[in-house]
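So the structure is just underneath, and the comments pick up after that.
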Amino acid sequence: MKQSLGRLLKRTLLSATRLVGYRQSEQKIIGQAREFWHDTDASQFRAYSHWPGEQGVSGAAWLELGRQHMHLFDEFSKVTSLQRPLKRIIEWGCGGGSNAIHFAKETQQFVGVDVSQATLDECGNNLQRAGINNFFPVLIDVASPEAALKSVPMPCDLFLCTYVMELVPTPEYGKRIVDIAFKLLRPGGLAMIQIKYSTASAETRPRRWGYRYNAANMTTYPIDVFWELAQVAGFEPRSLTLRPKQELVGDERYAYYMLKRPNVSNGVE
């Protein structure tokens, strides 16, 4: 009963904010995001960070999430000439390591970027327990994602980013991440980026207020808009996969893009 009432109140609040066009400034939302990711006791912190276990993601689902992304990358990479194993993979928002546990085996160095030191520690510990010792953690501030350009070893062969873009403060902030991805990659390198896509329904639009209450829906894009955004950043979009439902986490509207940074010589393979 309490949960049903809570959902009703939230839907009512969402409707009211859309009706009056209420939104907070990006700087205000960035401050709220910083507070959220520094509070490891916050509701949903472990679930949104994909820590394995209690309050996070169950062990079987945790492994399967990363396994599905590995399989998707295998399929994506067939449309390119990317040579494996890779020298360096960077995961933007590595969380507890559900991707890293699979992808780190594909590379000499696995760079994990996150806004939470506790989460970087969790990822590193999970990799060590699996006998994987090529993890290079990079802590960034939510307000300064571009600082990663000075901390991440470069260049990278693959930029991986899943279950992150819906958590960033605004769509404009998300564009900054795409620009960073382009700069971190070597010519011919690939980016695999997942977004939560919006539809004609007003409920799927970016929230733009109350990060703690709307974290998993802060940023969405129409499918074509993100494709074009990647092109403006300099990428060549190569492939797109939609997953309308993701039963492992009980969420929906996922779009996975495979983007290539053009070769220096002629911009094509």
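The values are calculated or read from the model by the stated rules, or taken from the named source; none is laboratory data. Since the model is a prediction, treat every value here as computed from it, not as a measurement. No Cβ is skipped: glycine too gets one built from the backbone with ideal geometry, and neighbour counts run over all protein chains shown.
What are the residues in segment 1-31 that are in a helix (DSSP H, G or I), of a type in the set (D, E, K, R) and modelled with pLDDT of 65 or more, if any?
Residues of segment 1-31 that are in a helix (DSSP H, G or I), as a first pass: 2-20, 26-31.
Now restrict to residues that are of a type in the set (D, E, K, R): 2, 7, 10-11, 18, 26, 28.
Passing the criteria: Glu26, Lys28.
Only a single criterion out of (1) part of a helix (DSSP H, G or I); (2) over 18 Å from Ile195 (Cα atoms) is not satisfied by Glu54, namely (1). In summary, Asn125 fulfils each of the numbered conditions (1) buried (at least 20 other Cβ atoms within 10 Å of the Cβ); (2) within 26 Å of Gly53 (Cα to Cα) with the single exception of condition (1). Just name the residue that is farthest from Pro85 (Cα to Cα) out of those in segment 97-129 that are of a type outside the set (Gly, Ala, Ser) and assigned to a loop (DSSP other than H, G, I, E, B). Here the answer is Val115.
Scan segment 131-163 for residues that are touching a residue at least 40 places away in the same chain (Cβ under 8 Å) and in contact with a Phe, Trp or Tyr (Cβ under 6 Å, 6 or more places away or on another chain) and the total you get is 1. A single member of Glu75, Glu106, Glu64 is closer than 16 Å to Phe136 by Cβ and out of contact with any Cys (no Cβ under 9 Å at 6 or more places or on another chain), and it is Glu106. Residues in segment 250-269 that are under 15 Å from the mean Cα position of the chain (by Cα) and either surrounded by 16 or more Cβ atoms within 10 Å (Cβ to Cβ) or part of a loop (DSSP other than H, G, I, E, B) (or both): Arg253, Tyr254, Ala255, Tyr256, Tyr257, Met258, Leu259. Remark: pairs (first residue in segment 226-242, of a type in the set (S, T, N, Q); second residue at pLDDT below 95; Cβ separation under 6 Å; 6+ apart in sequence or on different chains) = Ser239/Phe76; Ser239/Val79.
One residue stands out among those in segment 69-80 that are within 27 Å of Ala148 (Cα to Cα) and in contact (Cβ under 8 Å) with a residue 40 or more places away in the chain: the one that is surrounded by the most Cβ atoms within 10 Å (Cβ to Cβ), which is Phe73. Give segment 18-68 a look and list any residue that's exposed (fewer than 15 other Cβ atoms within 10 Å of the Cβ) and of a type in the set (Phe, Trp, Tyr), or say none. If the condition is that a residue be exposed (fewer than 15 other Cβ atoms within 10 Å of the Cβ) and of a type in the set (Phe, Trp, Tyr), then Tyr22 is the only one that fits.
Could you tell me whether Leu185 is of a type in the set (A, V, I, L, M), farther than 22 Å from Val113 by Cα and touching a strand residue (DSSP E or B) at 6+ places or on another chain (Cβ under 9 Å)? Walk me through it before giving the result.
Numbers: of a type in the set (A, V, I, L, M): yes; farther than 22 Å from Val113 by Cα: no; touching a strand residue (DSSP E or B) at 6+ places or on another chain (Cβ under 9 Å): yes.
No; evaluated as a whole, the condition is false for this residue.
Against the definition (modelled with pLDDT of 90 or more, part of a strand (DSSP E or B) and more than 15 Å from the chain's Cα centre (by Cα)), how does Arg34 come out, yes or no?
Numbers: modelled with pLDDT of 90 or more: yes; part of a strand (DSSP E or B): no; more than 15 Å from the chain's Cα centre (by Cα): yes.
Answer is no for this residue.
Matching residues to (1) under 15 Å from the mean Cα position of the chain (by Cα); (2) among the hydroxyl-bearing types (Ser, Thr, Tyr):
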position: Lys150; (1), (2): no, no
position: Thr170; (1), (2): yes, yes
position: Tyr173; (1), (2): yes, yes
position: Gly189; (1), (2): no, no
position: Thr199; (1), (2): no, yes
position: Pro222; (1), (2): no, no
position: Glu228; (1), (2): no, no
position: Lys245; (1), (2): no, no
position: Leu248; (1), (2): no, no
